[in-house]
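A short write-up of the structure that comes next.
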Amino acid sequence: MATIKQVAKRANVSVGTVSNVLSDSPQVNPLLRARVLAAIRELDYHPDQVARSLKVRQTKMLGMIISDITNPFFPQLIRGAEDAALAHGYLLVTFNTDDRVEREKQALSVLRGRRVDGVLLIVAPAKGDNTHIKATMAAGVPIVCLDRLPHGIQVDSVSTDHIKGAQVCVRHLLSQGHRRIAMITGSMELQTAQDRLEGYKAALKEARLKIDPEMLREGDFRLEAGHRLTKDLLLQRVRPTALFVSNGMMALGAIKALEETQLSCPKDIAIAVFDDLPLAGVYRPYLTSVAQPTHEIGYKGAELLIQRVEGKMTSAKPVRILLEAELKIRESTTAKLISP
Ligand code: RIB
């Protein structure tokens, strides 16, 4: 394994000059920089980041805590964060919480033990239990929350405008003539679920429609809940003509429920979903979706975190980046109702 001294000797420069090139210092003469980079390539030199981290007390490693990698929303989020981390020379390590706060605590503890420089966090439902997050921030480990904000903590965040995204989607269903619009929410402990329900209610209020509790069910963002709650809604005496589902996995469950009840979409019931599943334009029915800028959320979140880690973002007030969703109208909501 080549050493920094061998690189310096090969390039005929000092070890300090090699270090300056590695840290991208602007003070290095371009000619010397070229010689050092050539020597690094020829010797296939890779700096010993472990030794470096002990010396400079920085690991160039970021942690990312997500809900569930098997949910197609999260890989795009991770990819965005990873692209930003790599662009700045950081390693990204990820953990899944399965939406369990105990695992979230464990993941934060492991990441702190590994001395990560900062953490990207998608919070699990926690019933207000966020002392582990506050303790991590108090220990000087920067946190940026993505997608969902924890209750009661002032923290940097990057997320979608969930309220507006849901409101625009339900307005579309109303424009198709629907008046009995059901909604399956995520866990109401999560801000994303609360905000999407708020958007649903705002759209119905604009149309002077009452909120019918019989049209609301609380899910948990998982396929099984989407399946179970859709069947529950469809087997009611007066069933909905449209269903707004709060995330992609529950929408897959809803489609499964339709098949089992011999109802078809959009002829018997329209379906719209918050989250644009990767195959939403491939399998039938092509789902009308509220598409989040997921890669951008991950990328901007990691960039904001790196700015905090490197002291380039010093505002004491948390930074809140709110991005717009895009409504993608497809066949699952386009059979215009004759009589609502
Ligand atoms: O599917 C997972 C859901 O949880 C997504 O809608 C995302 O916004 C997160 O809140």
Worksheet item: touching a His at 6+ places or on another chain (Cβ under 6 Å) and open to solvent by 30 Å² or more (accessible area, probe 1.4 Å): does that describe residue 60?
Response: no
Worksheet item: Among the numbered criteria (1) farther than 22 Å from residue 152 by Cα; (2) within 16 Å of the ligand (Cβ to nearest atom), which single criterion is violated by residue 121?
Response: (1)
Worksheet item: Do we find a residue being in contact with a Lys or Arg (Cβ under 9 Å, 6 or more places away or on another chain), open to solvent by 20 Å² or more (accessible area, probe 1.4 Å), on the phi < 0 side of the Ramachandran plot and touching a residue at least 60 places away in the same chain (Cβ under 8 Å) anywhere in the stretch 127-145?
Response: yes
Worksheet item: Being in a loop (DSSP other than H, G, I, E, B), in the same structural domain as residue 267 (by TED's automatic domain parsing) and under 11 Å from residue 183 (Cα atoms), is that true of even one residue in the stretch 219-230?
Response: yes
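Whether any residue in the stretch 253-270 is assigned by TED's automatic domain parsing to the domain that holds residue 202, open to solvent by 50 Å² or more (accessible area, probe 1.4 Å), part of a loop (DSSP other than H, G, I, E, B) and within 16 Å of the ligand (Cβ to nearest atom) is what I want to check. So that I can check it myself, show each step before the final result.
Narrowing the stretch 253-270 to residues assigned by TED's automatic domain parsing to the domain that holds residue 202: 253-270.
After this cut, where a residue has to be open to solvent by 50 Å² or more (accessible area, probe 1.4 Å) as well, the list is 256, 259-260, 262, 267.
The next check asks that each one be part of a loop (DSSP other than H, G, I, E, B); those that pass are 262, 267.
From what's left, within 16 Å of the ligand (Cβ to nearest atom): none.
Scanning the stretch 253-270 turns up no residue that is assigned by TED's automatic domain parsing to the domain that holds residue 202, open to solvent by 50 Å² or more (accessible area, probe 1.4 Å), part of a loop (DSSP other than H, G, I, E, B) and within 16 Å of the ligand (Cβ to nearest atom).
Residue under question is residue 195, and the condition is that it be within 28 Å of residue 132 (Cα to Cα), crowded, with 19+ Cβ neighbours inside 10 Å and acidic (Asp, Glu); does it hold? Reasoning before the result, please.
Working: within 28 Å of residue 132 (Cα to Cα): yes; crowded, with 19+ Cβ neighbours inside 10 Å: yes; acidic (Asp, Glu): yes.
So residue 195 passes the test.
When residues of the stretch 227-269 are filtered for being among the charged types (D, E, K, R) and in contact (Cβ under 8 Å) with a residue 40 or more places away in the chain, how many remain? Step through it out loud before you land on a result.
The initial filter retains those residues of the stretch 227-269 that are among the charged types (D, E, K, R), namely 228, 231-232, 237, 239, 256, 259-260, 267-268.
Still in the list and also in contact (Cβ under 8 Å) with a residue 40 or more places away in the chain: 239, 267.
Residues that pass the stated criteria total 2.
Considering each of 250, 188, 183 in turn, give the residue that is assigned to a strand (DSSP E or B) and either within 16 Å of the ligand (Cβ to nearest atom) or under 30 Å from residue 119 (Cα atoms) (or both). Even if it seems obvious, please write down each step before you answer.
On the way: 250 fails: assigned to a strand (DSSP E or B); 188 fails: assigned to a strand (DSSP E or B).
Unique residue meeting the criteria: 183.
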Worksheet item: Scanning for something within 16 Å of the ligand (Cβ to nearest atom), buried (at least 16 other Cβ atoms within 10 Å of the Cβ), over 30 Å from residue 112 (Cα atoms) and among the hydroxyl-bearing types (Ser, Thr, Tyr), does the stretch 152-168 turn up at least one residue?
Response: no
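Would you kindly identify the helices (runs of 4 or more DSSP H) lying entirely within the stretch 1-113 that contain at least 2 residues that are within 23 Å of residue 311 (Cβ to Cβ) and more than 16 Å from the ligand (Cβ to nearest atom)? Show your work before the answer.
Numbers: elements: 4-11, 15-22, 30-43, 49-56, 73-87, 101-113.
Answer list for the stretch 1-113: 15-22, 49-56, 73-87, 101-113.
The values are calculated or read from the model by the stated rules, or taken from the named source; none is laboratory data. The structure presented is a predicted model; accordingly, all values stated were derived computationally and were not measured. All Cβ positions, even for glycine, are placed from backbone atoms using ideal geometry, and neighbour counts span all protein chains on display. Each accessible area value is taken on the protein alone, full model and side chains, heavy atoms only, with ligands, DNA and RNA left out. Shrake-Rupley method; radii C 1.70, N 1.55, O 1.52, S 1.80 Å.
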